[in-house]
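One structure below.
The values are calculated or read from the model by the stated rules, or taken from the named source; none is laboratory data. Remember, predicted model here, so these are calculated numbers, not experimental data. Cβ atoms come from the backbone with ideal geometry, glycine included; neighbour counts cover every protein chain shown.
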Amino acid sequence: MLADQTSGGFNLIDFSLLSNSFKIRWIKSFLKNPTSIWNCIPNFLLKPVGGLDFLIHCNYNISKLPLKLANFHKQMLSCWSLMYNHKFSPHTYFIWNNKDITYKNKTLFYRSWFDKNILLVSQLLDENCNFLSYRDFMDAFSFPIPPKEYAVIFYAIPSGVRMLLQSSPKGPSCSPPSLDSSNLYIDNCLFISSEFTNKKIRSILLKPCATVPPCISFWNNKFENIDWKRFWSLKKEFLITNKVVEVSLKIIHKCYPCNYRLSKFHNNIKEECSFCLCYPETIDHIFWECLYSRIFWLDFSNYVNKNISKDFTLTLKKVYFGVPKVQSDISNREFVINLLLFLAKFFIHKCKFIDRKPLFCIFLKDFNQYLLSLEHSSSPLAINTRLQCAMYKLLNSP
Ligand SMILES: [Zn+2]
């Protein structure tokens with residue numbers, strides 16, 4: 001439901017996703033102007049861990065940070081973890097605020113080391129991937145530290161990390177990556193730029209939770225080369241009601257309320273077809289296989305052959321997914337045929353519920369009525385539909 005319309009979703013906004021995107025937006029505003037007076041409290045709160053602009057680059061765990069944070073700041077940091085992927089890389093494996101490097105179950109941050117640009121675990125290793133001794137460390141960085149600090153840091157780093165860093169550049173001369181937040185890219189977009197909109201934030205946050213509709217694998221097994229992107233966006237080409245679109249989507253999502261399915265839930269509903277009363281009413285049966293539907297589609301094909309396209313043949317795939325666009329064909333025949341297919345499926349659905357047989361002559365009257373109703377609309381979709389249908393003289397004057 002939350003996914004983009006071109007992926008089969010309905011582009012709905014989830015409240016928690018919206019709330020998370022506002023918190024990411026807050027981080028963006030902070031990074032754009034970190035010295036603003038509005039940011040003095042978060043600056044003060046996060047100073048013991050290097051400030052927000054450093055913390056967002058770290059592989060942190062909120063519960064292990066040596067800070068007492070307000071709920072808002074906790075939520076803001078957990079939203080950032082969803083947004084920014086802290087993948088393991090030797091070039092960004094920091095000593096500070098790293099959830100893997102803890103002492104008394106809290107992550108570490110030593111301002112004096114940080115100010116000396118000692119940020120990476122790989123800076124603490126020698127060429128043989130062994131930790132620098134206390135003396136080597138002080139010689140390499142020309143920087144006096146209490147033995148306790150040295151012991152705490154070197155004790156806290158898990159020994160397995162050395163194995164992971166074995167093949168990467170090591171040693172005190174290793175230079176840490178740029179931490180310039182004004183140059184931070186996420187999903188190939190500059191984070192503080194105006195292009196990084198709320199919509200973009202939501203789409204990134206949505207990626208891990210968006211699922212592919214299960215019907216896709218079913219139909220891919222049944223038909224070859226389905227253009228899903230085109231199918232999901234096809235409805236936007238026409239000025240048709242949600243009810244009309246709903247029938248087509250319910251067929252594809254395999255949740256159309258046909259008698260066969262409903263009879264499984266309620267004993268009073270018989271599974272027989274509403275038209276022929278002989279066979280179980282499955283989706284395929286009522287929309288394609290039933291004798292009455294086949295007569296309807298035969299008349300439909302004859303109508304299209306006579307008025308729109310001489311070489312048109314109707315298949316079940318076309319009924320369900322529409323007619324593919326032919327790039328070389330400038331006459332836009334597929335537009336009119338797809339419109340007729342949307343309305344025809346809705347017509348069959350309507351006939352089922354009003355207990356009538358689907359007669360093509362009645363459908364044509366409905367279609368004519370639909371075209372007449374478009375005359376009152378100034379929508380570009382209505383104007384285009386009228387023009388396309390006029391090209392094939394489909395409108396009969398009342
Ligand atoms: Zn039937």
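For first residues located in the range 270-281 and among the aromatic types (F, W, Y), partners that are in a loop (DSSP other than H, G, I, E, B) and within 6 Å of the ligand (Cβ to nearest atom) and lie 6+ apart or on another chain with Cβ distances below 9 Å form the pairs F275/C290; Y279/C273; Y279/C290. Please find, within the range 302-319, the residue that is nearest to the ligand (Cβ to nearest atom) out of those that are at pLDDT 90 or above and surrounded by 15 or more Cβ atoms within 10 Å (Cβ to Cβ). Applying the filter and picking the extreme gives V319.
Is it the case, given these coordinates, that W288 is within 36 Å of the chain's Cα centre (by Cα), within 16 Å of the ligand (Cβ to nearest atom) and aromatic (F, W, Y)? The answer is yes for W288. Per the listing N242, N267, N259, the residue uniquely within 16 Å of the ligand (Cβ to nearest atom), under 30 Å from D355 (Cα atoms) and assigned by TED's automatic domain parsing to the domain that holds L371 is N259. Would the range 79-98 turn up any residue that is in a strand (DSSP E or B) and at pLDDT 85 or above? Taking every residue of the range 79-98 in turn, at least one turns out to be in a strand (DSSP E or B) and at pLDDT 85 or above. Among residues of the range 130-184 being touching a Ser or Thr at 6+ places or on another chain (Cβ under 7 Å) and among the aliphatic types (A, V, I, L, M), the one that is surrounded by the fewest Cβ atoms within 10 Å (Cβ to Cβ) is A156. For the range 182-193, the criterion of being within 30 Å of R386 (Cβ to Cβ) and not β-branched (V, I, T) is met by no residue.
Results for (1) under 30 Å from Y320 (Cα atoms); (2) of a type in the set (S, T, Y); (3) outside the structural domain of F342 (by TED's automatic domain parsing); (4) modelled with pLDDT under 85, shown as yes or no for each residue.
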position	(1), (2), (3), (4)
S181	no, yes, yes, yes
S194	no, yes, yes, no
T197	no, yes, yes, no
W219	yes, no, no, no
I226	yes, no, no, no
F231	yes, no, no, no
L234	yes, no, no, no
F238	yes, no, no, no
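Scanning the range 270-285 for residues that are more than 8 Å from the ligand (Cβ to nearest atom) and either under 18 Å from K250 (Cα atoms) or modelled with pLDDT under 90 (or both) yields K270, E271, T282, I283, D284. Can you tell me which residue among F154, F143, F109, F137 is under 15 Å from P172 (Cα atoms) and either in a loop (DSSP other than H, G, I, E, B) or in contact (Cβ under 8 Å) with a residue 60 or more places away in the chain (or both)? None of the other options fit; the residue is F143. When N198 is tested against (1) surrounded by 12 or more Cβ atoms within 10 Å (Cβ to Cβ); (2) over 30 Å from F22 (Cβ atoms); (3) in contact (Cβ under 8 Å) with a residue 24 or more places away in the chain, exactly one condition is not met: (2). With the structure loaded, tell me whether D100 is farther than 30 Å from N20 by Cα and in the same structural domain as G171 (by TED's automatic domain parsing) or whether it fails that test. No, not satisfied.
Taken together, V336, V323 contain a single residue that is within 19 Å of L239 (Cβ to Cβ), assigned to a loop (DSSP other than H, G, I, E, B), away from the ligand (no atom under 16 Å from the Cβ) and assigned by TED's automatic domain parsing to the domain that holds K222, which is V323.
Scanning the range 351-370 for residues that are surrounded by 18 or more Cβ atoms within 10 Å (Cβ to Cβ) and closer than 20 Å to K235 by Cα turns up F363, F367, Y370.
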